[in-house]
Amino acid sequence: MEVIVLPTATATASLAADIIEHLLRSEPHPVLGLATGSTPEPLYAELTRRHKEAGLDFAHARAFMLDEYVGLPADHPERYAAVIQREVTDPLEIPVDAVHGPDGAAADPVAECARYEQAILDAGGIDVQIAGIGSNGHIAFNEPGSALTSLTRPKTLNARTRQDNARFFSSPEEVPRHVLTQGLGTIGRSRHLLLLASGEGKADAVARAVEGPLSASCPASIVQLHRHATVLLDEPAASRLQ
Ligand code: F6R
C-alpha cells in the first residue's frame, strides 16, 4: 500500500488521472472500476478534460460500477447507472454497451449479484478500481461487519450512510435502504486499487483504514491487504494520520 498526500483534491485528481491515462495508453482493452459519489468528481472532470482537449481515448475501455441502489424507479436520476452514464461514461464517450453495473431492479437480486461477479471475471478482471471511503469506513457499500472475502451481494445500508447520501435526494426517507455492491473480495481482486479521499470529514475513516488494524469493522482497511493499492489523500483527509 502506498499513501500519497497532496495539498488539494485537484492535485490528487490529477495524479489519479495520470494513473488512468497510463493504463489507457498501455492496455488495448482497459477495464475500469467506477465509483459514484462526490469524491471522484474532480477525477472524472479531469479525465473528461483530457478526453476533449488531449485526445485521451476511451473508445476501447470497459467499465464496471461498484454498486447500485435497489428499488429506485427506472427513470430516477440518482440510480447509479444513470449518474455514471450522465457524469462519466457519456462525457468520456465509453460505448454504452461497455458499461456494466448490477441491476438494482432485478427480480432475483442474489442471482443478479452472481451474474455480475461472473461478468467481471469474464471481462478479465478490473485493471484500475476507483473507490471512495464512507465516513463510517465503508468501501463500495460494504458496511462495517462485511466479510473480508465477500463477493457481490445485496446489502442493507446503515443509518449513517443513508444520512450521508441524503444530500442527493429530496428527503432522507427517499434514500434506498438496500443496495447491490461488489464485495471486499471482489475489490481485492482488482489489479490496482485507487482509494481517494478528500476533506476533513473523511480524516477519521482514513486513519482507521490506513493505520488501524485490518478489520471488518473498517471495511476500507482492505487497502492494507491489497496487492497494489494507492491511497490518494488531500491534506485535510490525511490530517489524522500519525
Ligand atoms: C459509491 C461508493 C461509496 C462512496 C462513499 C463515499 O459508488 O461506493 O463507497 O465512495 O460513500 O462517498 P462520497 O464520495 O460521496 O463521500
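Each reported figure results from applying straightforward, stated rules to the coordinates on display, with no laboratory input. Predicted model only: the values in this text are computed from it and were never measured. Note that we place each Cβ from the backbone using ideal geometry, even for glycine, and neighbour counts take in every protein chain shown.
Tabulated data
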quantity: Rh by Kirkwood over Cα pairs, then Stokes-Einstein D for the chain at 1.002 mPa s and 20 °C, µm²/s; calculated: 121 µm²/s
quantity: Dimensions in Å of segment 111-202 - Rg and Dmax from alpha carbons; calculated: 13.9, 40
quantity: Gain upon complete extension [Asp103, Arg115; 0.36 nm per residue less C-alpha separation]; calculated: 3.3 nm
quantity: Fewest-first ranking of Leu24, Leu32, Leu214, Leu56, using other Cβ atoms within 10 Å as the exposure measure; calculated: Leu214, Leu56, Leu24, Leu32
quantity: Near-label residues of segment 212-242 by backbone N, under 20 Å of a point 7 Å along Cα→Cβ of Asp18; calculated: 228-238
quantity: Label-point separation, Arg227 to Thr156 (7 Å along Cα→Cβ), nm; calculated: 3.6 nm
quantity: Karplus-derived 3J(HN,Hα), 6.51/-1.76/1.60, for each residue of segment 199-211, Hz, glycine and proline x; calculated: x, 4, x, 9, 4, 5, 4, 5, 4, 5, 5, 8, 10
quantity: Beta bridges per DSSP with both ends in the chain, % antiparallel, nearest 5; calculated: 30 percent
quantity: Relative contact order of the chain, pairs being alpha-carbon contacts under 8 Å that are 6 or more residues apart, as %; calculated: 25 percent
quantity: Cα-projected label distance for Arg240 with Val96, points at 7 Å along beta-carbon direction, nm; calculated: 4.3 nm
